[in-house]
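I have placed the structure first, in the form of structure tokens, so that the comments after it can refer back to it.
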Amino acid sequence: MNDEHFMQLALVQAELAAAQGEVPVGAVVVHQGQVVAQAHNAPIGLNDPTAHAEVLALRAAAQHLGNYRLEDCTLYVTLEPCAMCAGAMLNARLPRVVWGATEPKTGAAGSVLNVFAQAAWNHHTQHLGGVLAHSSTALLQAFFQSQRAAQKQASSWPLRDDALRTPEACFADLPDYPWQPNYINDLPSLNGLRLHYLDEGPKDAEVTWLCLHGNPAWSYLYRKMIPVFLQAGHRVVAPDMPGFGKSDKPKKDNAHSFDWHRQVLLELVEALDLQDIHLVVQDWGGILGLTLPMHAPERYQGLLVMNTTLATGEQPLSAGFLAWRQMCADKPLFDVGRLLGRGNPQMSEAECAAYNAPFPDAGHRAALRAFPPMVPEFAHSEGADMSRQAQSFWRDVWSGKSFMAIGAQDPVLGEPVMQALRQSIRHCPQALVLPEAGHFVQEHGEVIATAALKALVAHSL
Ligand SMILES: [Zn+2]
């Protein structure tokens, strides 16, 4: 009877895990009839492979009791413990563990192996399985069913005749990109195209980092910064622009335009109703992204700006940019991964390959062809007027905090361009200059994200 009562509390924890997108497993530790710790699975949220419900509960109980040995304690967990957790219980000298459902794939209390029955070890933890097993199983099944359904639904969304969809297999085994895909296709400007975005961290976080990539990158570019923001308890939203990453790719180059991409981003911010945004931009992420806040200034609080510009069409395009545009025209099949790797010798081959993943053939590369000529060149070019309006906004209206980071090796959007941009951003302090970093400065993103967090979010770190 008592066991069922405490297992019920563990099930409540499991439901909390499910609500956060974690596999629903919950645990409570009871000491002399009193609950002294409750926890749920959180490896994704905490970026911690050891953050199983049991480990977190054991840790909290030991803290609470001021003793690393959990004498007189019983741990209740909704699922049969794995080898790591069973081992942690033995290390804690836990006298007793009660679990719910059996775990045929990884269970270490009898299903796959039995850590508790090693005769050679002198401590033994009493164990009892199957308490409220049915409720735990139901929770787990519902969780996996809804995950499968969400994935299936998105992958079955019809593909427009004039677009391509990179096969999911191209994105298998990407290094350091563990996040679940999210899709949206009902923004008016998408007209049925499927847009992919990452959306991690609590929806009601005090800060949302909106990370915008440029050409020819995708949300993969932010993999070193995202964990820093999540660690601070913040939300991160990182879309792949149409034509890039896991988003659908129009077949025709001329499907892409400055105004269309800007509109997609504006509608995405509205649809997700993002608040307390800290805008994170680089390259086209900034050329487009810096024109967004003036549309809805109340949504934006902070700016992290890296190697980008406002293309107002008033200055001639730089020699460095013209050379890049010419290279893209001359070598339309240039190797994206090699381009990234050239400026970032620290990147592994698998990381470079991840930048090629969205583009299995020339058909998928319309955006790569379209973007370089889309940079507003003259005062009357599409986007130039919008960029001039944005310039006034940043100079005269912007009241949020700003942080600038510059990859000094960038021949196109390096220090001179960025220092000029800094002059037109109100109250933008001295930039963090990374002497080793190139254009794709996010490849040094951990340092930048940490510094930006400190500068932009007062009480963090
Ligand atoms: Zn475990």
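The values are calculated or read from the model by the stated rules, or taken from the named source; none is laboratory data. A quick note: this is a predicted structure, and the numbers were derived from the prediction, not measured. Heads up, the Cβs are rebuilt from the backbone with ideal geometry, glycines too, and the neighbour counts pull from every protein chain shown.
Worth pointing out:
- Residues in region 70-108 that are part of a strand (DSSP E or B), within 12 Å of the ligand (Cβ to nearest atom) and touching a helix residue (DSSP H, G or I) at 6+ places or on another chain (Cβ under 7 Å): L75, V77, T78, L79, V97.
- Count - residues of region 109-119 that are more than 13 Å from the ligand (Cβ to nearest atom) and assigned to a helix (DSSP H, G or I): 2
- If you check V207, V228 for being in contact with a strand residue (DSSP E or B) (Cβ under 7 Å, 6 or more places away or on another chain) and closer than 22 Å to A452 by Cβ, only one passes: V207.
- Candidates are the residues of region 120-163 that are of a type in the set (S, T, Y), modelled with pLDDT under 90 and not in a loop (DSSP other than H, G, I, E, B); the one that is farthest from D72 (Cα to Cα) is S155.
- Residue tally, condition farther than 16 Å from M84 by Cα, among the hydrophobic types (A, V, I, L, M, F, W, C) and without any contact (Cβ under 8 Å) to a residue 60 or more places away in the chain, over region 98-141: 5
Conditions tested, residue by residue: (1) more than 26 Å from D276 (Cα to Cα); (2) in contact (Cβ under 8 Å) with a residue 40 or more places away in the chain; (3) surrounded by fewer than 16 Cβ atoms within 10 Å (Cβ to Cβ); (4) of a type in the set (G, A, S).
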| site | (1), (2), (3), (4) |
| --- | --- |
| P411 | yes, yes, yes, no |
| G414 | yes, yes, no, yes |
| R422 | no, no, no, no |
| H427 | no, no, yes, no |
| G438 | yes, yes, no, yes |
| V441 | no, yes, no, no |
| A449 | no, yes, no, yes |
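- For region 308-341, filtering for residues that are surrounded by 16 or more Cβ atoms within 10 Å (Cβ to Cβ) and more than 20 Å from A370 (Cα to Cα) leaves 1.
- V23 vs. criteria aliphatic (A, V, I, L, M), in a loop (DSSP other than H, G, I, E, B) and touching a residue at least 60 places away in the same chain (Cβ under 8 Å): yes
- Listed by first and then second residue, the pairs with beta-carbon distance under 6 Å, at least 6 apart or on different chains, first residue in region 33-58 and in contact (Cβ under 8 Å) with a residue 60 or more places away in the chain, second among the charged types (D, E, K, R) and in a loop (DSSP other than H, G, I, E, B), are I44/E22.
- Taking the conditions (1) assigned to a loop (DSSP other than H, G, I, E, B); (2) among the aliphatic types (A, V, I, L, M); (3) without any contact (Cβ under 8 Å) to a residue 12 or more places away in the chain in turn, L317 satisfies each one other than (3).
- Number of positions in region 43-67 that are small (G, A, S), surrounded by fewer than 18 Cβ atoms within 10 Å (Cβ to Cβ) and within 16 Å of the ligand (Cβ to nearest atom): 1
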